[in-house]
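Here is the structure we will look at.
The values are calculated or read from the model by the stated rules, or taken from the named source; none is laboratory data. Everything numeric in this text was worked out from a predicted model, so none of it was measured. Here the Cβ is made from the backbone with ideal geometry for all residues, glycine too, and neighbour counts use every protein chain on show.
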Amino acid sequence: MRDYLLSAWVWTSTALLLCAWLPVMAVVRLTDRDPALHRSGYALRILGRLMTYLNPFWNVETQGELPIPRHPYVVVSNHLSQADPPVVSRLPWEMKWVAKKALFDLPVAGWLLRMSGDICVDRRDSESRSAVIDKARHYLRHQCSVMLCPEGTRSRDGRVHSFASGAFRLAINEGVSVVPIAIDGTQDALPKHSLVFRTSPQTMRVKVLPPVDPVAEGLTDVNAFRAHVRRQIVEQIATWRGVDPVQVDAEASTPETT
C-alpha cells in the first residue's frame with residue numbers, strides 16, 4: 001500500500017510540475033536565438049533535475065568529470081528505466097536527447113520535449129531514423145552535444161545489451177569524441193513496464209567516463225570503437241555491483257549458458 005501511495009504522490013506532483021513548467025519553457029524558447037537551442041534544452045534539464053527530488057526515497061550520486069562546456073560530443077549510456085533521463089539531468093550539462101516518438105506524442109511532456117529541441121525518432125520509419133542523424137549533425141556543428149542510448153530500449157534484466165553502431169559512426173564522421181555514461185540503480189527505482197515506485201531507499205549512480213577520441217585511440221573502425229566504449233560502461237557497472245563484468249554483459253557467455 002505504501003508503494004502505491006508514494007507512486008500516487010510522485011506522479012501527481014510530476015504532472016503538476018510539468019504543467020507549471022510549460023509557460024517557463026515557452027518564454028525561454030521564444031527568447032532563445034541560439035541555433036542549438038542551448039538555453040531551451042538546459043531549462044528542460046532543470047525540470048528533470050527537480051523531478052528527482054519529488055521522491056524522498058531516491059538518492060542520486062553523480063560521479064566523474066564533466067566535459068568542456070559547449071564542446072560537442074556524442075554521449076552514449078546504458079538504459080535501464082524511465083528514471084534515467086531525470087537522473088542524468090542531475091549533471092549540469094546540456095545535451096540533446098534522442099527519444100522515441102511516443103514520448104513526443106504525449107500532451108505537455110511532448111510539448112516540452114519539442115520546445116527543448118530534443119530529437120524525435122520513429123524507429124519504424126527509415127526516413128525518421130535518417131532525419132535523426134541530420135539533426136544530430138546540426139547540433140554537433142553548433143557546439144552542442146547529442147545523447148543517445150545505443151541499446152535502443154530499456155534493459156529488462158539490468159545487464160548491458162548490444163549497442164547499435166549509429167552513435168559511433170556519427171562520432172567518427174563528425175570528428176568528435178564519444179563520452180560514455182554509466183547508469184545503475186534506476187532499474188530498481190522504477191522497473192520496466194511498471195509505474196509503481198518503491199518505498200525502500202534507492203541509490204542511483206551516474207558516472208561520466210573520460211571522452212574517447214576514436215582517432216587518438218586508433219578506433220576508427222566502428223565495431224572496435226563501439227566495443228571499446230561499451231566495455232567501459234560494463235566494467236563501471238560491474239565495479240559498482242562488485243561482480244565480474246561477465247555478469248553485467250548480456251553479450252558474454254556465462255557458465256549457465258555454455
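Right, Ser194: among the hydroxyl-bearing types (Ser, Thr, Tyr) and at pLDDT 95 or above or not?
no
Each row is one residue, and each column tells you yes or no for (1) under 16 Å from Val75 (Cα atoms); (2) aliphatic (A, V, I, L, M); (3) surrounded by fewer than 18 Cβ atoms within 10 Å (Cβ to Cβ).
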{"site": "Asn173", "(1), (2), (3)": "yes, no, yes"}
{"site": "Ser177", "(1), (2), (3)": "yes, no, no"}
{"site": "Thr186", "(1), (2), (3)": "no, no, no"}
{"site": "Ala189", "(1), (2), (3)": "no, yes, no"}
{"site": "Ser200", "(1), (2), (3)": "no, no, yes"}
{"site": "Arg231", "(1), (2), (3)": "yes, no, yes"}
{"site": "Glu235", "(1), (2), (3)": "no, no, yes"}
{"site": "Pro245", "(1), (2), (3)": "no, no, yes"}
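I'd like to verify a number: residues in region 187-214 that are assigned to a loop (DSSP other than H, G, I, E, B) and in contact (Cβ under 8 Å) with a residue 12 or more places away in the chain, how many?
Summing the residues that are assigned to a loop (DSSP other than H, G, I, E, B) and in contact (Cβ under 8 Å) with a residue 12 or more places away in the chain in region 187-214 gives 15.
Select from region 133-161 the residues that are among the aliphatic types (A, V, I, L, M) and more than 23 Å from Lys192 (Cβ to Cβ) and write down the one among them that is modelled with the lowest pLDDT.
Ile133
How many residues, within region 138-159, are under 29 Å from Gln236 (Cα atoms) and surrounded by fewer than 15 Cβ atoms within 10 Å (Cβ to Cβ)?
3
Quickly run through region 36-66 and pick out the residues that are among the polar types (S, T, N, Q) and without any contact (Cβ under 8 Å) to a residue 24 or more places away in the chain.
Scanning region 36-66 gives no hits.
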